Amino acid sequence: MSAPACVPAWGHTWVDLPVLRLPMPEAELIPCADRCFQIPIVINAPEDPVQRAVHRWFLGHHGAFLVWKFLSDSLDRLIREPDSQLVRLTALGYDAYSVMLAYSGSCSREVYEDVIRPMMVTFDPAFSGRWARDYEPLPGLLRRARTALGPAAAAPLSSASKANLVAHKEVMRRLVPGGPSLLRESGRTSAPTTEAERARFDEFFLVSRECVCVSRYQAHRTAILSAIGHDLAKHPLSPEYGETLRTFATRL
C-alpha cells in the first residue's frame with residue numbers, strides 16, 4: 001500500500017506524486033511515537049524526458065516546501081538562541097534550497113514555455129511564487145537572525161543566502177529570459193497576496209494543510225530527498241548537488 005496520490009490531468013501530462021501533507025507555517029508538528037507512520041511513500045521518476053521535467057518541477061517544489069519549513073524553524077531558533085553549529089546547518093539549508101531551485105527548473109526553455117508555464121496559466125493566469133505561504137516569512141527571519149548574530153557569526157548564513165538568490169535568478173534568466181512573470185502580465189503585482197492565492201499555490205503543488213505528526217512528516221521528507229537524490233544520480237545536473245542533499249539529509 002502506498003501513500004495517497006493526487007493525479008490531476010493538466011495539459012497533456014500527468015503528475016503522479018503523493019500529496020505533501022504539511023501544517024500551516026505557524027503550526028507545530030504533532031509529537032508521536034517513533035515510526036508510528038508505517039505506510040511506504042513511493043516516488044518514481046518517469047523515463048519520458050518531458051514527463052520527467054514536469055515531475056521535477058513538482059517534486060523540486062515539494063523539496064522546497066520542506067526546506068522552507070526547516071529554514072523558518074532554524075532562523076527562528078537563531079534569533080532566540082545564537083549558535084554557530086546551527087548557523088552552519090541553516091546555511092546548508094540555503095544550499096539545499098539552491099539545489100531544489102536548480103532541480104525543479106532543470107527543464108529546457110522549450111519545455112517550460114510549451115508545457116509547464118501553460119499548466120500554471122491554466123490553473124491561474126496570475127500564478128506566482130509570491131503566493132508561497134511558507135516562504136513569505138523567510139526574508140524577515142533572515143534579516144533578524146543576521147542582526148542577532150552579528151556580521152562575523154552570520155557570515156556563512158549570509159554567503160549561502162546570497163548564493164541562493166543568485167541560483168534563483170539564474171533559473172529565472174534561463175527559463176524566462178527578459179519576459180514578464182505571470183503575475184506581472186496579469187496586472188496584479190500591486191495587490192497584496194490573499195489567503196485564497198496562498199491556498200491556490202498549495203493546491204497546484206499538491207500540498208494539503210492539515211495536522212501532521214512528526215513521524216509522517218519525517219517519512220515524507222526522507223522519501224522526497226531520497227527520490228531527488230536518486231534522480232540526480234541517474235540524470236546528473238551538477239556533481240555537488242547530490243552531495244549537498246546527502247549532507248543536508250544526514251544532519252537533519
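The numbers here are math on the coordinates, done by the rules we state, and not lab data. Not measured: the values here are computed from a predicted model. Here the Cβ positions follow ideal geometry from the backbone for every residue, glycine too, while neighbour counts run over all protein chains shown.
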State the percent of C-alpha pairs, over all pairs in the range 51-140, separated by a distance greater than 19 angstrom.
48
How far is the Cα center of the range 22-99 from the Cα center of the range 115-163, in Å?
14
Can you give the net charge of the other residues whose Cβ lies under 13 Å from the Cβ of R80, counting K and R as +1 and D and E as -1?
-2
With runs of 4+ DSSP H residues as the only contributors, calculate the mean residue ellipticity of the chain at 222 nm using -39,500 (n - 2.57) per run, divided by the residue total and rounded to the nearest 500.
-18500 deg cm²/dmol
Given the chain, longest segment not containing exposed loop GluC sites (Glu not before Pro) (DSSP; at most 15 other Cβ within 10 Å)
48-209
Within-11-Å neighbourhood charge of L232 [Cβ basis; K, R +1; D, E -1]
0
Please report, to two decimal places, log10 I(q)/I(0) for the range 139-200 at q = 0.16, 0.21, 0.28, 0.29 Å⁻¹ as given by the Debye formula with identical point scatterers on the Cα atoms and no solvent.
-0.81, -0.94, -1.05, -1.08
Convex hull of the range 79-217 built on C-alpha atoms - directionally averaged projected area, nm²:
10.2
Sum of side-chain charges, N44 neighbourhood, beta-carbon under 10 Å (Lys, Arg +1; Asp, Glu -1)
-3
What is the spin-label model distance, in nm, from T193 to A249 if the labels are put 7 Å beyond Cα along the C-beta direction?
2.8
Under 10 Å, Cα contacts only: if you run a Gaussian network model on the chain, which one of Y135, Y94, Y103 comes out with the highest mean-square fluctuation?
Y135
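Once the cut-off is 27 Å, how many percent of the Cα-Cα pairs in the chain end up in the long-distance tail?
When every Cα pair of the chain is considered, 36 percent fall beyond 27 Å.
Using Cα pairs closer than 8 Å and at least 6 residues apart in sequence, work out the relative contact order for the chain, in percent.
34
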R0 of 22 Å, Cβ-Cβ distance M24-R77: FRET efficiency to nearest 0.05:
0.70
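Treat the count of other C-beta atoms within 10 Å as a stand-in for reagent exposure and order I224, I30, I43 from fewest to most.
Details: I224 24, I30 14, I43 21.
Lowest count first: I30, I43, I224.
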